[in-house]
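Working notes, structure below.
The values are calculated or read from the model by the stated rules, or taken from the named source; none is laboratory data. Please read these numbers as outputs of a predicted model, since none were measured by experiment. Positions of Cβ are generated from backbone atoms using ideal geometry, with glycine treated the same way; all protein chains shown enter the neighbour counts.
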Amino acid sequence: MAASDPAGRKPGLRTLLSHVGRAGKRVHGFVNPPVLRGSTVLVPTVADRQALAARRGEQVLTYGTGGSATHWALEDAIAAIEGGTRCYIVSTGLAAVTTPLLAFLKSGDDLLMPDSVYGPARAFATGMLKAFGVETRFYAPTLDEAGVAALMQPNTRVVYTESPGSHTFEVQDVPAIARAAHARGAKVMMDNTWGIHHFQPFQHGVDISIQAATKYLAGHSDVLIGAITVNNEDDWQVLHGAGRALGQYASPDDCWLTLRGIRTMAVRLQAQMEAGLLVAHWLRQQPEVAQVLHPGLPGAPGHELWRRDFTGACSLFGIEFKSNFTPADTHRFVEALDLFGIGASWGGYESLAIPTTGFITRTAGGPGFSGPVVRMHVGLEDPDDLIADLLRGLAALRSSGA
């Protein structure tokens, strides 16, 4: 699709998602691109095979793991959403974390990671990366530019960010962190799954943006897929080379399903943002609740940074209950809910709730909660029905007589 109209106006998100990754209205055929499955690619001559092999990193058919038009349509769409130049599709959200870390780090390097990072990312850093000779140091996610600069070492090659943290919801000052990292030659990676569309990573100093496309991009809780987006050719060559060497690949069927999910993502994001804020506001008024950890709420932790850097919010947030309640009370709370499933993912059409107290690791200083915490994801159900369900959960929470 055209990048802008004659007046220079860029298309809105709904228009972009309706048209990106398609052949266009002047091409005869179905609206949606087909699913192309295959491993072996035939070429007419040996010379043709050699010519294709020389075009590394380009969208050409060489072998199944190099992708096909189905993969490339999705990659083009996600690159456009993230505001980058190239995207690499991988098998899962975790693979979207591990692949760029392996691409840009080597034995003897130092990695800075926020203490609020996604648990499996922490486990990969302290497990496999450590075994490969990479040291990981965890920093308080709310550090400012000077704080991050003070942590930088001559061998610090990557500063990782995740904003907000997907369990404790600290919003990071990503532009400040990027300035500190770039001043010392380090790459900045960001897990931007929460901020999909709402945060434009490359406008704020990020070099590599990571998406668990399983979540909002696919949107229907039936696909496992990840995406890594970059904004320059040098980073693309490093990333693409590592991805191919690791055999990272996503099923064309999953790519097609994710591309289909993208077509409705704008309306889902808007509906879920509005419902999430409505439910979060309601929860904030309940006497059992100490605070709601939703950056989009005025007065909530991180709200000022969110207002400065984000254009909207997703539907994942936390609830800290008052200190007279116990983690066991929150277990009763989530188990009493009918419409909120107990599940570890988010970004789909269904609402979810999981207790987080006792299930997360912090080593650079805890988040400072005095009461137990539950993570909530608001789906596409009617908000009034969700609130009625939460009333049942709160009644169960109180049943201990606390």
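Under the condition of being assigned to a strand (DSSP E or B) and either under 16 Å from the mean Cα position of the chain (by Cα) or not assigned by TED's automatic domain parsing to the domain that holds Ala275 (or both), the residues counted in region 287-327 number 2. Within region 339-396, the set of residues being among the polar types (S, T, N, Q) and under 28 Å from Gly93 (Cα atoms) comprises Ser345, Ser351, Thr356, Thr357, Thr361, Thr363.
With respect to being farther than 20 Å from Cys87 by Cα and at pLDDT below 85, Val31 fits the description. Residues considered: Ala388, Ala396. Of these, the only one that is surrounded by 12 or more Cβ atoms within 10 Å (Cβ to Cβ), hydrophobic (A, V, I, L, M, F, W, C) and in contact (Cβ under 8 Å) with a residue 60 or more places away in the chain is Ala396.
Inside region 328-352, can you point out the residues that are part of a strand (DSSP E or B) and either in contact (Cβ under 8 Å) with a residue 40 or more places away in the chain or under 29 Å from Asp173 (Cβ atoms) (or both)? Listed by number, the list holds a single entry, Leu352.
Among the residues making up region 103-143, those that are over 17 Å from Thr363 (Cα atoms) and under 22 Å from the mean Cα position of the chain (by Cα) are Ala103, Phe104, Leu105, Met128, Leu129.
Checking Gly67, Gly84 one by one, the residue that is in the same structural domain as Glu233 (by TED's automatic domain parsing), over 30 Å from Thr136 (Cα atoms) and in contact (Cβ under 8 Å) with a residue 12 or more places away in the chain is Gly67 and no other.
Per-residue answers, yes or no, for (1) among the aromatic types (Phe, Trp, Tyr); (2) touching a residue at least 40 places away in the same chain (Cβ under 8 Å); (3) touching a Pro at 6+ places or on another chain (Cβ under 8 Å):
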| site | (1), (2), (3) |
| --- | --- |
| Tyr139 | yes, yes, yes |
| Leu143 | no, no, no |
| Met152 | no, yes, no |
| Arg157 | no, yes, no |
| Gln172 | no, yes, yes |
| Gln200 | no, yes, no |
| Lys215 | no, yes, no |
| Ser221 | no, yes, no |
| Ile225 | no, yes, no |
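Residues that are acidic (Asp, Glu) and touching a helix residue (DSSP H, G or I) at 6+ places or on another chain (Cβ under 8 Å) within region 312-347 comprise Asp329, Glu335, Asp338, listed in sequence order. Do the conditions hold for Leu17, that is, is it more than 30 Å from Met128 (Cβ to Cβ), hydrophobic (A, V, I, L, M, F, W, C) and in contact with a His (Cβ under 7 Å, 6 or more places away or on another chain)? Considered against the rule, which asks whether it is more than 30 Å from Met128 (Cβ to Cβ), hydrophobic (A, V, I, L, M, F, W, C) and in contact with a His (Cβ under 7 Å, 6 or more places away or on another chain), Leu17 comes out as no.
For region 173-195, the set of residues classified as part of a loop (DSSP other than H, G, I, E, B) and surrounded by fewer than 23 Cβ atoms within 10 Å (Cβ to Cβ) consists of Ala183, Arg184, Gly185, listed by residue number.
The single residue among Val35, Val41, Val60 that is free of Cβ contacts under 8 Å to residues at least 60 places away in the same chain, in a loop (DSSP other than H, G, I, E, B) and touching a Ser or Thr at 6+ places or on another chain (Cβ under 7 Å) turns out to be Val41.
For region 237-255, filtered to residues that are within 19 Å of the chain's Cα centre (by Cα) and outside any loop (DSSP other than H, G, I, E, B), the residue that is farthest from Arg86 (Cα to Cα) is Asp254.
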